[in-house]
Number of protein chains: 2
Amino acid sequence: MSQSEQSVGIVTPEDAFFDTPLTLNSGAVLEHYTLRFETYGTLNAAKSNAILICHALSGHHHVAGRHHPDEKAPGWWDSMVGPGKPIDTNRFFVVGVNNLGGCHGSTGPSSVNPATGQPYGSAFPVVTVCDWVRAQARLADRLGIDTWAAVIGGSLGGMQALQWSIDFPSRVRHALVIASAPKLTAQNIAFNDVARQAILTDPQFHNGNFYQEGTIPRRGLRLARMLGHITYLSDDGMGEKFGRMLRSGEYKYGFDVEFEIESYLRYQGDKFSDRFDANTYLLMTKALDYFDPGQRFDGSLVKALQQATAKYFVASFTSDWRFSPERSREIVKAMLSAKKPVCYAEIDSTHGHDAFLMTDAPYVAAMRAYLNNVAKEVAA
Amino acid sequence: MSQSEQSVGIVTPEDAFFDTPLTLNSGAVLEHYTLRFETYGTLNAAKSNAILICHALSGHHHVAGRHHPDEKAPGWWDSMVGPGKPIDTNRFFVVGVNNLGGCHGSTGPSSVNPATGQPYGSAFPVVTVCDWVRAQARLADRLGIDTWAAVIGGSLGGMQALQWSIDFPSRVRHALVIASAPKLTAQNIAFNDVARQAILTDPQFHNGNFYQEGTIPRRGLRLARMLGHITYLSDDGMGEKFGRMLRSGEYKYGFDVEFEIESYLRYQGDKFSDRFDANTYLLMTKALDYFDPGQRFDGSLVKALQQATAKYFVASFTSDWRFSPERSREIVKAMLSAKKPVCYAEIDSTHGHDAFLMTDAPYVAAMRAYLNNVAKEVAA
């Protein structure tokens, strides 16, 4: 079967509008909001085969397929989601959703604030993983899904899967927590703060209200992305791909691109700064910083997990230094201490943190095997 | 003996002016230049007890002692250099020098270009580790030092010590290469490039000629330093010191300082941006990127080292991830392949890359032991 035959094909995003106010962790209230989402596959009669895919920092609802035949790249997890793929749309009804605060259709800082007729900008409240999970639960209600067969995510997405299992124990049968962490370290927060400071101090940021000024804090967002990108790749992987390769074959002794890695990073930064919203970037990094599911359980992740009823799949990647295998092992140990069933896969990969988006064979095989069992449960 | 008694006391920098043109690796020529330096201890009659201390990215000639009694902090390596200390000024004549391109008194981008009567700014040429070593050799000539008992440096300073032993084999008896690397990896270069881009894209940078504009690219330099600082500390060390400690004890759900680590980093960035020259920062990072002593020996560090006659001391620190022990082991392996005598110390420390400036007991002991033997040679 060719790659194209395994695609979910052409997909169309949908919008769900909610007018029941949502009180956020910060105390702020969103009076009404829209969540943009996509679905693939068919919800069975028992409504027992639904899977929620949670996105990471720069992700969105467009997980698989294409919006139109000419779309350059398919959804961000097309390698994993589709007919016959590990998250098999012949067997599962898969939902992708853009989170609150996002910039891909769900209500966020660039959306028009009905109270003012202007984009929210700095008036958009800080959102947390818990807030996202509550909003996603309302989307599940809307779709008639009482219980997810699985909630799945990588990185920040994995944090949502973990939080779902704690906050809505009866609504999650399996949580797949990939390349994630139980909470950020000081170093993680430090990288996020440098990225935020790059944006916040960009003169074009205008305290978050740059939309009205007709500007974009492109320089700040570009730096944030360049920095982020370093932490998504492994030292070794970067070395294999770029090493000390020169752009022009010889030293130029100036500040233009000299090494290929500089060219790559600057390109990634430029591309990102044209398409991503700076306020959304800020919010996503704050959601990462705040994530700490054990916090309201006396700081104990074990206690937090004790009320969960989900079964867990946890995966990490050897060369991931943003959320290293050690962090996933912390999660696994807490699950074991809370006497929860957990499968753990530590995958040998040179792809660093980005490996969760890649197709290293042992990773794909582990996902396929686990989800095959989930599908059997659904069918039983 | 108290700490103050072990100090070299009040020291006065000196300037050496050179009017013999220096041709740089880039092909550019510095017609004349000044090197600012300090010395501690007494040069013996045989002129055989001189030690050169090479500084790292943000260092300078002020290695030990104080310029005046009220100076807040002593020189940057006061812990290591002084009477009775490992680099014992009772036995050695120690020279600290600010490198070309620096911003602490040696000729650099903020110096007045005699050709224009204006600061060099962007007209100051890119300098390399080889250029620095050649300039330092002229200072040695000026001081009547034919052969250094030792050339010593950490990080970028260690690269200079290594380069000295290759470029001037007969003039170096011992080279001490601490927390260094044989050349940068793609990841190292990537971090440097993000820092440079922060400065280069700061609207106040004015293409390097900000002096005339009466501005400082403070935002860019601050970001560069914040980012650099993360790479100087270890994940564990940062975790022990800051963890997830909150500034005000509770989440504030905003973009002001929330976690202590943010406060620390921003403070470090602010302090640095007030005192360091942005053009110098750019030049120092480029010198790091270009460093590759094996390059003109068919890319072989072993070949480069074959002509060296120095004995080597190499040290690394377990939690240093900027220049990890693995990088020092590469250097050591090349030295052994070139049949050079080398002592290698891999020091257990949580201080990350900054450990080379710290006083972990096994590190100080190793330095003391090695330099004690160097002193005995001198006396013999």
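The values are calculated or read from the model by the stated rules, or taken from the named source; none is laboratory data. Fair warning: this is a prediction, and the values are worked out from it, not measured in the lab. Here the Cβ is made from the backbone with ideal geometry for all residues, glycine too, and neighbour counts use every protein chain on show.
Would you pick out the residues in the range A:323-359 that are more than 17 Å from A:Pro293 (Cα to Cα), touching a residue at least 60 places away in the same chain (Cβ under 8 Å) and in a helix (DSSP H, G or I)?
A:Gly352, A:His353, A:Asp354, A:Ala355, A:Phe356, A:Leu357
Would you be able to tell me the number of residues in the range B:104-121 that are β-branched (Val, Ile, Thr) and not in a loop (DSSP other than H, G, I, E, B)?
Narrowing the range B:104-121 to residues β-branched (Val, Ile, Thr): B:107, B:112, B:116.
Going one step further and asking which of them are not in a loop (DSSP other than H, G, I, E, B), we end up with B:112.
Looking only at that region, the number is 1.
Of all residues in the range A:223-251, count the ones that are surrounded by fewer than 20 Cβ atoms within 10 Å (Cβ to Cβ) and of a type in the set (Phe, Trp, Tyr).
1
Which one of A:Tyr264, A:Tyr281 is touching a Phe, Trp or Tyr at 6+ places or on another chain (Cβ under 8 Å) and part of a helix (DSSP H, G or I)? Walk me through it before giving the result.
Values: A:Tyr281 fails: touching a Phe, Trp or Tyr at 6+ places or on another chain (Cβ under 8 Å).
Unique residue meeting the criteria: A:Tyr264.
Yes/no per residue for (1) basic (Lys, Arg); (2) modelled with pLDDT of 95 or more; (3) in contact with a His (Cβ under 7 Å, 6 or more places away or on another chain):
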| position | (1), (2), (3) |
| --- | --- |
| B:Thr285 | no, yes, no |
| B:Leu301 | no, yes, no |
| B:Ser319 | no, yes, yes |
| B:Pro325 | no, yes, no |
| B:Lys333 | yes, yes, no |
| B:Val342 | no, yes, no |
| B:Asn372 | no, yes, no |
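Please go through the range B:231-256 and give me each residue that is more than 9 Å from every other protein chain (Cβ to nearest Cβ) and free of Cβ contacts under 8 Å to residues at least 24 places away in the same chain, ordered by number.
Residues satisfying the conditions are B:Leu246, B:Arg247, B:Ser248, B:Gly249, B:Glu250, B:Asp256.
In the range B:283-298, is there at least one residue being more than 14 Å from chain A (Cβ to nearest Cβ) and closer than 14 Å to B:Ser155 by Cα?
Start the filter on the range B:283-298 by keeping residues that are more than 14 Å from chain A (Cβ to nearest Cβ), which leaves B:297-298.
From what's left, closer than 14 Å to B:Ser155 by Cα: none.
No, the range B:283-298 has no match at all.
In the range B:173-183, what residues are surrounded by fewer than 24 Cβ atoms within 10 Å (Cβ to Cβ) and either more than 9 Å from every other protein chain (Cβ to nearest Cβ) or closer than 14 Å to B:Leu57 by Cβ (or both)?
Here is the first cut: in the range B:173-183, the residues surrounded by fewer than 24 Cβ atoms within 10 Å (Cβ to Cβ) are B:173-174, B:182-183.
B:Arg173, B:His174, B:Pro182 - these are the residues of the range B:173-183 that are surrounded by fewer than 24 Cβ atoms within 10 Å (Cβ to Cβ) and either more than 9 Å from every other protein chain (Cβ to nearest Cβ) or closer than 14 Å to B:Leu57 by Cβ (or both).
Can you give me the number of residues within the range A:257-282 that are more than 10 Å from chain B (Cβ to nearest Cβ) and among the aliphatic types (A, V, I, L, M)?
1
Answer yes or no: is there a residue in the range B:319-330 that is buried (at least 19 other Cβ atoms within 10 Å of the Cβ) and closer than 14 Å to B:Ala150 by Cα.
No, the range B:319-330 has no match at all.
Filter the range A:86-116 down to the residues that are farther than 18 Å from A:Leu35 by Cα and modelled with pLDDT under 95 and list them by number.
Correct list: A:Ala115, A:Thr116.
Going by what's in this entry, would B:Ala375 be described as within 19 Å of B:Ser48 (Cα to Cα), among the aliphatic types (A, V, I, L, M), part of a helix (DSSP H, G or I) and over 19 Å from the mean Cα position of the chain (by Cα)? Steps first, please.
Working: within 19 Å of B:Ser48 (Cα to Cα): yes; among the aliphatic types (A, V, I, L, M): yes; part of a helix (DSSP H, G or I): yes; over 19 Å from the mean Cα position of the chain (by Cα): yes.
Considered against the rule, which asks whether it is within 19 Å of B:Ser48 (Cα to Cα), among the aliphatic types (A, V, I, L, M), part of a helix (DSSP H, G or I) and over 19 Å from the mean Cα position of the chain (by Cα), B:Ala375 comes out as yes.
Here's a check for you: in the range A:189-222, which residue that is among the polar types (S, T, N, Q) and surrounded by 24 or more Cβ atoms within 10 Å (Cβ to Cβ) is nearest to the other protein chains (Cβ to nearest Cβ)? Spell out how you get there, then give the answer.
Let us first name the residues in the range A:189-222 that are among the polar types (S, T, N, Q), namely A:192, A:197, A:201, A:204, A:207, A:209, A:212, A:215.
With surrounded by 24 or more Cβ atoms within 10 Å (Cβ to Cβ) added as a condition, the list becomes A:192, A:197.
Details: A:Asn192: 9, A:Gln197: 6 Å.
Ranking the candidates gives A:Gln197 first.
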